[in-house]
Amino acid sequence: DDYLPGQIAKEGGNPVEFIGSAVFLDGAMIGVLTGEETRESLLLRPYSRANEFLVTYKDPLSPEDRIAARLKREARPKVDLGLKSDPAQLEINLPIDMEVLAIPSLQNYVTDLERQEMLRQSLEQQLEQKFTALIAKTQQQFAADLFQWNLYARSRVLTINQLEAVNWREAYPKANISINVDLTLTLFGKQLAPPTAGSGVGGR
């Protein structure tokens, strides 16, 4: 879903394409996000009702294939915000659960625990890279916090005057931000093992 409207490869039907989102600042549109970036921005927000998505990511042992999965955010990201330093420091820890739904490459990630850990680390790294790229885009291109992290800034001060002194709008583009994804593979669909030549339907 790394598309904007007008980029989706489809023919016929309704010509209208709904994907991605527009970015507004002070009532003016300043940019756009693809469908994938929109999903990532929702996952990074502390309060979001969109906490479950169907996704695909590159298969580490078969890069031409993609792993299909259901991604779930069971808890809000933990944000450690340091305002006393200049620039501000943010450390985000995001716990994510992922259920693998399909492995087109037929690599044995189900019973081979070494490969399974390789898959988990690869998916974790892919997510961190995508989040890091999106955060950099919001700082460099938009100079705007799309993730509502200003709410954490509010919780660090006692008065309105102190909050105004923080000036989060100016502090955010310069902030040093790091993100750590804590990925847990929860299930591998209903198939207990990868199919073999001449095998029937996997067990449940």
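The values are calculated or read from the model by the stated rules, or taken from the named source; none is laboratory data. The structure displayed is predicted, hence computed values, not measured ones. All Cβ positions, glycine included, derive from the backbone under ideal geometry; neighbour counts span all protein chains shown. Side chains are part of the model used for accessible areas, which takes the heavy atoms of the whole protein and leaves out ligands, DNA and RNA. Shrake-Rupley method; radii C 1.70, N 1.55, O 1.52, S 1.80 Å.
Here are a few things to note about the model shown:
- Of all the listed residues (Leu54, Leu81, Leu101), the sole one being among the aliphatic types (A, V, I, L, M), in contact with a Gly (Cβ under 6 Å, 6 or more places away or on another chain) and assigned to a strand (DSSP E or B) is Leu101.
- Contacts under 9 angstrom Cβ, first residue in the stretch 133-152 being closer than 20 Å to Asp80 by Cα, partner open to solvent by 30 Å² or more (accessible area, probe 1.4 Å) and among the hydroxyl-bearing types (Ser, Thr, Tyr), 6 or more apart: Gln148/Tyr47; Leu151/Tyr47
- For the stretch 2-21, the set of residues classified as within 22 Å of Phe147 (Cα to Cα) and either surrounded by 10 or more Cβ atoms within 10 Å (Cβ to Cβ) or touching a Ser or Thr at 6+ places or on another chain (Cβ under 8 Å) (or both) consists of Asp2, Tyr3, Leu4, Ile19, Gly20, Ser21, listed by residue number.
- The number of residues in the stretch 75-102 that are open to solvent by 30 Å² or more (accessible area, probe 1.4 Å) and of a type in the set (Val, Ile, Thr) comes to 0.
- Failed item in (1) polar (S, T, N, Q); (2) closer than 19 Å to Asp2 by Cβ; (3) surrounded by 14 or more Cβ atoms within 10 Å (Cβ to Cβ), with Gln116 passing the rest: (2)
- Any chance Ile8 is aliphatic (A, V, I, L, M), in contact (Cβ under 8 Å) with a residue 12 or more places away in the chain and not in a helix (DSSP H, G or I): no
- Answer from Leu106, Leu90 - the residue that is under 17 Å from Asp182 (Cβ atoms) and at pLDDT below 95: Leu90
- Residue within the stretch 120-132 that is of a type in the set (A, V, I, L, M, F, W, C), closer than 29 Å to Arg156 by Cβ and either modelled with pLDDT of 95 or more or surrounded by 19 or more Cβ atoms within 10 Å (Cβ to Cβ) (or both) present: yes
- Near pairs, Cβ below 7 angstrom, 6+ apart or cross-chain, from the stretch 153-165 (at pLDDT below 75) to any residue that is in a loop (DSSP other than H, G, I, E, B): Arg156/Leu83; Leu163/Val157
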